Every structure is written in structure tokens, then in C-alpha cells.
Amino acid sequence: MISVAKVQPGNAWRYYLRGVAVGDGRRPARKPLKAAQKEVGLPPGVWMGRGLPALGLTAGETVTQRQMELLFGEGRHPDADRMERERLDDGVDPDTARLDTVLGQPIEEIEKRKQTPLLALDFVFRPQASLTVLWALGDDHTRRVIERAHERAIATVLRWLEDEIAETRWSSGRKRAKTPALIVARFRHFDNRDGSPLLHDHCLIFNRVQRPDGAWYALDTRRLYQHVVAAGTLYTLTMTTEVCEELGLATVPREVTPGLRPVMEIAGVGQELIDWSSTRRQQIEDALEGITDQYVKDHGRLPGERARHGLGRWAAQNTRPEKKTPRPLHQLRAWWRASAIRRFGQQLVDGLLRRCRAAGAAIRARVQPLVDTGLAAIDVAVVVYTVRGALARRHVLAEARRHLAETLRGRACPPGLDDYIADQALTRHTRQLTVPRPGRRSPELDQITYTADFRRPARWWIAGTGKPPRAATRYERAQVASLALQNAIRTARAAPAAARDEAHAATASATAHTEDHNHDQAATTPHAVDHPDRPTVLTPAHPAAAHHAHQQAAMPEHLEGRTTDPATWLRTPENLSRLAAFTREADARRRAIADRQRPERPAAADRPTDQQQHHTPRPDQGRGAARDR
């Protein structure tokens with residue numbers, strides 16, 4: 001998972017220098033950064049990125065306090081002090097000597113235009129809760145494996161940003177150029193503000209890059225923001241795969257919020273351990289309940305999907321605790337282990353890795369390292385289209401990585417398989433909306449908008465236990481649409497056993513006479529991965545029955561209370577009666593609010609023609625949606 005924050009002049013960069021660089025603690029202003037990090041037992045920050053040689057830095061070199069002040073506080077060269085002295089010795093005036101050390105446009109010029117300069121973006125990388133639990137309670141070998149996978153996943157994401165995403169812009173954005181050389185300062189943290197385990201790294205990406213002509217210009221940060229989700233899925237897939245392959249583990253889906261995407265967690269790490277490590281989540285949920293109640297009182301309705309996300313961020317900010325005193329990792333691990341043993345017992349804590357390996361072995365025996373790219377492309381296209389309507393390649397690529405994580409369950413996949421599935425989904429199942437204009441520059445691939453012509457499921461209502469019914473989310477509707485289409489494809493593929501040998505012969509003949517991997521047959525051919533270190537090849541088509549068995553084995557298990565389960569839909573007379581009663585109560589409350597706000601209602605002829613009236617969906621809408629299923 002990746003979150004992003006801005007680093008700007010003034011107090012923002014000082015917050016990173018005095019707090020983030022020392023584990024979210026409070027460093028006295030006069031205490032040197034290196035001494036403060038050593039005192040609390042934190043590793044020093046390190047430099048990353050291909051743009052370091054242009055500044056005379058090397059990857060892995062320690063980030064010093066003065067370098068942070070100059071680069072992230074003033075937008076100047078990290079060795080500006082020496083460079084400025086040399087210029088002064090040459091007889092240059094002080095203003096010119098200082099200006100020669102500035103990278104790109106000076107901050108003062110930007111502020112004169114009454115704009116706020118952006119000096120860096122803070123990308124925060126953190127793994128799933130189950131991996132954090134294993135890292136906190138596992139032995140030293142397990143901890144090192146997870147930390148090494150975490151660092152390699154970060155490096156993989158940064159390389160992908162440099163190779164595919166990062167661009168510089170000038171002339172008010174009219175001119176652009178690829179910039180495969182970022183400058184990044186990385187800082188390691190071990191816990192959250194409550195002292196609970198939370199392995200995460202802050203990566204400060206400097207908002208200046210060098211063009212081939214040597215000039216420094218700002219990054220196109222809008223592109224980075226647009227690709228944060230795709231970068232996050234790449235980080236999660238890369239890290240989880242390496243940990244599972246090295247430790248013999250597997251993943252299972254866990255539904256954190258009803259109706260939203262499940263999180264692929266390590267099999268064998270129970271929900272009680274995840275709740276023990278996620279103290280902040282419980283605080284946020286408690287605060288969110290009160291904020292949601294206030295929202296209903298203010299607006300007379302429940303919040304929608306977008307409003308729920310905003311309320312969640314609000315609740316997280318309101319419950320954020322004060323900074324604490326950072327501790328060395330060995331002290332934290334001893335405290336976490338004692339806390340877990342006191343709550344769950346020594347046997348559960350000591351046998352955690354063994355239980356995870358047993359659960360992983362059972363899943364690996366059932367799920368083979370095969371991906372049906374034809375069904376994967378269908379699933380990706382349907383899900384993204386149902387959720388978004390208009391889509392871009394970054395949305396499809398992120399969903400392809402999620403599909404691989406859910407299908408392979410921690411198994412390694414060949415490099416580039418996510419791009420292959422995304423390209424197949426766009427080529428075969430979408431149509432382009434963006435039309436190039438004559439006389440203008442052709443749009444980049446990730447700037448093209450697509451859509452599709454799949455049928456979107458109608459909205460249905462879900463009966464919650466002890467809670468009012470709610471409408472199905474866009475993701476739930478996307479899952480239903482994708483599963484329905486995949487099942488239709490599997491049914492069409494299935495052939496009688498007597499005709500299977502004939503189909504094999506025809507497939508072998510067709511494979512022998514074609515080398516085109518973009519043919520329809522290649523789209524339904526699984527990629528076989530015998531070992532992550534071996535090259536990947538396209539195998540001949542397998543029987544339809546094998547496809548069906550593997551895909552069913554790789555499907556996420558039915559989660560408790562999963563909202564895509566038809567049993568939870570409001571189709572029974574009892575549930576429809578409950579929905580009707582709830583609708584009547586909501587209508588009465590809405591009329592009461594309207595009467596208080598408008599004591600005298602105008603006549604029908606005097607009402608504005610553009611007046612909007614919002615009605616609660618009728619019970620028969622839920623019945624119709626269920627019938628369509």
C-alpha cells in the first residue's frame with residue numbers, strides 16, 4: 001500500500017527533518033540528526049534513485065541533516081555550501097553565487113507569483129497487516145526476509161516510475177520529456193504513533209529532475225498522483241510474492257470493509273492477531289460511526305461511496321495521536337512479543353510461522369501456478385469498466401496486478417505478465433474514446449481513455465444484520481458481472497469427454513502452424529511457471545476442465561458475510577418487508593425535514609421547473625436486480 005503527501009517550504013519540510021527523519025518523534029532543534037537517530041535506535045536515511053550521480057551522490061549513502069535542509073528545504077544542491085564558497089572565491093557576488101546552487105526555478109520566484117512551491121512528494125510504503133504481524137512476532141530470519149522483500153519492492157516501484165511514469169514539463173506544461181532518473185531519500189519506521197508494529201518507509205521524491213541538456217525542471221507530479229494505485233499494487237504483489245516464495249507461505253482474501261475490495265493477507269495469521277496490531281483502525285472506526293451519524297443528521301441520507309472515503313480520512317485525522325518517543329527495534333519487538341503472549345498465549349505466538357506454512361502448503365497443493373490470461377483479461381476489463389465506466393491503462397494495469405495476486409495466492413509470476421493481461425484487456429474488450437485531433441501531438445498511451453460495452457448489473461440491496469439495508473457497491477456489482485461472464489465462457493469452453501481428444505489434436509495442429517502470440521488461442525492459453533527463476537513459455541492449450549478446476553481453486557474462498565453472496569440479497573418476502581418499512585420511515589423523516597425547512601410550499605404551477613426530487617429506491621428495484629442475477 002502507498003500513500004502520498006506533499007513536502008512544501010515553511011513548516012512542512014521541518015516536520016520531516018525534525019519528526020519523520022527520527023521515527024515520528026520530536027527531535028530538539030539543536031540536536032544533530034545523526035545523534036538523534038542513534039539515540040532512538042533508528043537506521044539513518046539513505047539515498048535512492050538514478051538521478052543521484054548528477055548531484056555527486058551514490059545509492060545507499062547516508063542522508064545528512066544539511067543535505068535535507070538544502071535539498072528539501074531550499075531546493076538547492078545538497079553540496080551547495082562548498083559550491084557557494086568556491087564561487088565567492090572566484091569573485092562572484094553573493095546573490096549570484098547562491099543562485100548558481102539552485103536546482104531549477106528558485107523558490108522565491110514561485111512565491112512572488114503567490115504560488116506555493118512543491119519541493120517533494122512523500123511516498124509511504126507499508127505492507128499488509130498480516131505481514132506486519134509476522135515481521136513483529138517472527139524470528140530474526142523471518143524479520144530479515146520481510147525487510148529485504150520490503151526494500152526490493154520499493155526499489156522495483158521506483159524503477160517502474162523512472163522507466164514508465166516520470167516526466168518533466170516546461171513551457172507551462174506544453175513541452176514534456178521522459179525523466180528516468182529520480183532523486184529519493186528513504187527513511188525507515190518501525191511502529192505507528194500508538195507504538196503498535198507498523199513497518200513502513202517514507203520515500204521523499206525530490207520535485208526536480210535533470211533534462212539531457214543539464215537544466216533542472218519540475219516533475220509532472222500529476223502523473224505520479226495518477227499512478228499511485230498502480231504503483232501500490234505493484235509493491236504489494238512484488239513484496240508478497242517474494243515473502244511467500246521464500247518462506248513457503250500463501251495468501252487468502254480478507255474483507256476489511258463490506259462491499260469493498262478484499263485484502264490478500266498471509267494464510268494462517270488470524271483476525272485476532274491482525275486486530276491486535278491494528279489499534280489505529282479500531283480508533284478510526286469508532287470515530288467514523290459518530291461522524292457518519294452527524295452526516296445523516298445534516299443531509300438526511302446515508303453517505304455514498306465517495307463521501308464514505310472522505311469521512312474515513314476525516315476520522316483518521318481526528319484520531320491521530322500525538323508524537324511518541326521512538327524506541328530501538330529490539331526493545332519494540334520484545335514488548336510486542338510480551339504483549340502478544342499475554343493476550344494469546346505462548347503456544348500461538350511461537351507456532352505462528354509453523355501454522356502459516358501449514359496453511360500455505362494446503363493452498364499451494366490446491367492452486368497451481370497457472371494463469372488463464374483469457375479469463376484474466378475478461379475479469380480485468382469487466383471489473384474496471386463496471387467500477388469506472390471510462391478507464392485508462394493505469395486502471396487496467398492495477399486491476400491486472402490485483403487479479404494476479406488473487407489467482408496465484410503468493411506464487412511467483414513471470415515478469416511482464418501484468419502488462420500482457422492489461423494489453424489484452426484493452427485490445428480485445430474495450431474501445432477507444434480519445435480521438436486524436438489533426439495538427440496536435442498524438443496522446444501518450446496512458447492518456448488515452450477507453451470504455452466497453454459490457455452489461456452493467458442493476459443495483460440491488462443487501463440486508464445487513466442489525467443494520468439498515470444498503471445498496472450494493474460498484475465493486476460488488478463488478479464482481480457479479482465478471483463472475484457471470486467468466487462462467488458463461490467456461491460453459492462454452494466445456495466439451496464432452498468424447499470430443500476432448502479431437503480438440504487436443506486440432507489445438508496442437510494450430511499451434512504448430514502459428515507463431516503469433518496475439519492470436520485468439522494465445523489469449524486463452526495459460527502461462528506456466530515451473531520455477532520463478534526459469535524462463536516463461538506459452539504452453540499448449542489445456543483441457544477446458546483443467547481450466548475450470550484451476551480457476552475455481554484459485555477463486556477467493558467465500559468470506560463470512562461476503563456481500564456478493566446472493567443469499568444476502570433482499571429477495572425474500574421478509575427482507576422485502578423490512579426494506580419497505582425502512583423506506584416508509586426514511587420517507588417520513590424526509591418529509592418532516594422538508595416541512596421544517598419550507599413551511600409554505602408553492603403551488604404546482606409556481607414551482608421551478610428544474611426542481612429536483614430524490615426518492616428512496618423502491619423494494620421492487622431490489623427484487624428486479626436479484627431476478628436479473
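Readers should treat all values here as calculations from the given coordinates under stated rules, not as data from a laboratory. Given the structure is predicted, the values throughout are model-derived calculations rather than measurements. FYI the Cβ positions are ideal-geometry reconstructions off the backbone, even for glycines, and counts take in every protein chain you see.
For this structure, a couple of remarks:
- Charge context of R98, other residues only, Cβ under 12 angstrom, K/R +1, D/E -1: -4
- Net +/- balance of residues flanking T451 in space, Cβ distance below 10 Å, scoring K and R +1, D and E -1: +1
- Considering every alpha-carbon pair of the stretch 319-465, the percent of pairs per 10 Å bin, from zero through the bin containing the longest distance, is 9, 23, 19, 22, 19, 7, 1, 0.
- Using a Förster distance of 25 Å, the FRET efficiency for K297-V256 (Cβ separation, nearest 0.05): 0.40
- Net charge of the neighbourhood of E84, taken over other residues with C-beta under 12 Å away and scored Lys/Arg +1, Asp/Glu -1, is -4.
- In plain terms, the chain from D275 to R159 could stretch by 38.4 nm, reckoned as 0.36 nm per residue minus the Cα-Cα distance.
- For the stretch 412-448 versus the stretch 148-213, the gap between their alpha-carbon centres in whole angstrom: 24 Å
- Here the stretch 190-241 is assigned +1 on the Cβ of each Lys and Arg and -1 on the Cβ of each Asp and Glu. Its dipole about the Cα centre then comes out at about 240 debye.
- Modelled spin labels at T427 and L99, positioned 7 Å past Cα toward Cβ, are 5.3 nm from each other.
- Label-zone membership for the stretch 184-221, site R343, 7 angstrom Cα→C-beta point, backbone N under 13 Å: 194-198
- Cross-link pairs exceeding 31 Å between alpha carbons, from the set K6/K34; K34/K114; K114/K178: K34/K114.
- Distance between modelled label sites at R459 and T64, nm, 7 Å Cα→Cβ extension: 6.0 nm
- Length gained on full extension, S442 to R357, computed as 0.36 nm times the residue gap minus the Cα-Cα distance: 25.5 nm.
- Global form of the stretch 1-103, assessed from the alpha-carbon gyration tensor, a/c cut-off 1.5: prolate
- Directionally averaged projected area (the stretch 75-207, Cα convex hull): 12.1 nm².
- Modelled FRET efficiency - R0 56 Å, K114 with A592, Cβ distances, 0.05 increments: 0.75
- Residues whose amide H comes within less than 5 Å of that of R169, counting only those at least five positions distant or on another chain, are A218, D220 (H built at 1.01 Å from N in the peptide plane).
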